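See below for the structure under consideration.
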Amino acid sequence: MNQPSIILIPFGYFENDFLKKIADDVGREYLLPVRIRDGHLDLSEFHDPVRRQYNGNALLKVVDSQFSAGSLKTLGLFSVDISIPILTYIFGQAYLNGRTGIASLYRFNNERYGMKKDEQLLLDRFRKEVIHELGHTFGLIHCHVPDCVMRSSTYVEDIDQKSAHLCFRCRETLGSSTELTNMPSN
Ligand SMILES: [Zn+2]
Ligand SMILES: [Zn+2]
């Protein structure tokens, strides 16, 4: 039997070195092997021409149904702007206590906010987001500890203020629930 592992699937172009660093950080945080797998999706099917964004609920659903079978946890990585009906944009979302999540680095580029390009900061923000969404798949809900990675983030500033790690309490909660639900949580 295959060892349970976390699968990261880039949809679109990501540099190998960047993906490897994300995978290493995820592996260290969850103490599980992390593999990077190729994925292909025609993203045009998920584009909403009115909002000029991509449909986060549909993307989460398709990654779950087409790419997650047989893996412990699967996270789809995107670089496009993702939204859901009730929010103007999301950094990512995941099925709480499920097997699948998605994350996008679209809003993590400093240049988007009129600031100087910063590859290290981009990596730092994205790894926090990936670890956060995976936390939801492991059943973790939002946490109020200021530097916990499971704290809710609306703006990049919120991401910058938290660490890339689970707090003591979240770490304790991790894995204590195994019931599968299909409730998306962003
Ligand atoms: Zn916490
Ligand atoms: Zn969240």
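Descriptive notes on the structure:
- Some residue of the stretch 79-97 being more than 12 Å from ligand 2 (Cβ to nearest atom), among the aromatic types (F, W, Y) and in contact (Cβ under 8 Å) with a residue 60 or more places away in the chain: no
- Qualifying residue in the stretch 3-10 (condition: free of Cβ contacts under 8 Å to residues at least 60 places away in the same chain and at positive phi): no
- Which numbered condition E133 fails, given (1) under 16 Å from V26 (Cα atoms); (2) within 14 Å of ligand 1 (Cβ to nearest atom): (2)
- Any hit, the stretch 57-77, residues being more than 17 Å from Q161 (Cβ to Cβ), surrounded by fewer than 21 Cβ atoms within 10 Å (Cβ to Cβ) and within 16 Å of ligand 2 (Cβ to nearest atom): yes
- Here is the figure for the stretch 1-34: residues that are within 19 Å of G98 (Cβ to Cβ) and charged (D, E, K, R) total 1.
- Filtering the stretch 6-56 to residues that are surrounded by 17 or more Cβ atoms within 10 Å (Cβ to Cβ) and among the hydroxyl-bearing types (S, T, Y) leaves Y30, Y54.
- Applying the condition of being closer than 16 Å to Y30 by Cα and more than 8 Å from ligand 2 (Cβ to nearest atom) to the stretch 142-156 and asking which residue is nearest to the chain's Cα centre (by Cα) yields V149.
Each value in this text was obtained by applying a stated rule to the coordinates, not by laboratory testing. Owing to the predicted nature of the structure, the values given are computational and were not obtained by experimental measurement. A quick note on method: Cβ atoms are made from the backbone with ideal geometry, for glycine too, and the neighbour counts reach across all protein chains shown.
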